[in-house]
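Each remark here refers to the structure printed beneath this line.
Where a number appears in this text, it was derived from the coordinates with a stated rule and is not lab data. Owing to the predicted nature of the structure, the values given are computational and were not obtained by experimental measurement. Quick reminder, even Gly has a Cβ in these numbers, built from the backbone with ideal geometry, and neighbours come from all protein chains shown.
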Amino acid sequence: MSETAAPACPEDVIAHRLAAQYFMLKREAAALKNRMDLVRGDLAGIIYKHGERDDRGSVYLPLKDAIENGDKSITSLKMERRVSSRVNEQIAEDILKEKGLWGEAAQVITVINPEAIFALYAEDKLTDDELDKILEQSESFALKDVAA
């Protein structure tokens, strides 16, 4: 069946309705996410302006009236401070080498170069069977629209 041919299954009307609903929901989900991001930004601004910071840097804003949300009763809002650290490789290398500590802190990690595997195969140093064993394939499907 070509990508643009009408479905030949007896459930083509159902498939058409479900596909129309799916793509409508996909558009709505994107619009809702955009709206949620805008509302979150506005709300964060209010919390930062009027809330109180705790000793960990998070900011709390008590609500005048609780908001019922399913099985929870929300009485305050919190912009939770989260901190992550990462090593600045260049600065770390400079400092460690300057102090003669590079050998104690650096680690050599061996990785397989996929391009080298294909080069070895092209040079007939690996067989088809060996290449098939080396390469693992995974399969997935994505629902896509096909426009005329």
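Overall, the chain carries a charge dipole of about 1280 debye about its Cα centre when +1 sits on the Cβ of Lys and Arg and -1 on the Cβ of Asp and Glu, all other atoms neutral.
A helix-only calculation puts the chain at -15000 deg cm²/dmol for mean residue ellipticity at 222 nm, using -39500 (n - 2.57) for each DSSP H run of at least four residues, averaged over all residues. If you take the charge dipole of the stretch 12-79 about its Cα centre, with +1 on Lys and Arg Cβ and -1 on Asp and Glu Cβ, which of ASN69, MET36, ALA15 is farthest toward its positive end? Result: ALA15.
With a ≥ b ≥ c the root eigenvalues of the C-alpha gyration tensor of the stretch 89-134, is it rounded (a/c under 1.5), prolate (a/b larger than b/c) or oblate? Prolate shape, in that a/c is at least 1.5 and a/b is the bigger ratio.
For the chain, the tally of Lys pairs with Cα-Cα distances below 23 Å comes to 9, considering only residues 8 or more apart or on different chains.
How fast does the chain diffuse by Stokes-Einstein, in µm²/s, taking the Kirkwood radius from C-alpha pairs at 20 °C and 1.002 mPa s? Write out the running numbers ahead of the final one.
On the way: Rh = 23.8 Å.
My calculation gives 90 µm²/s for D.
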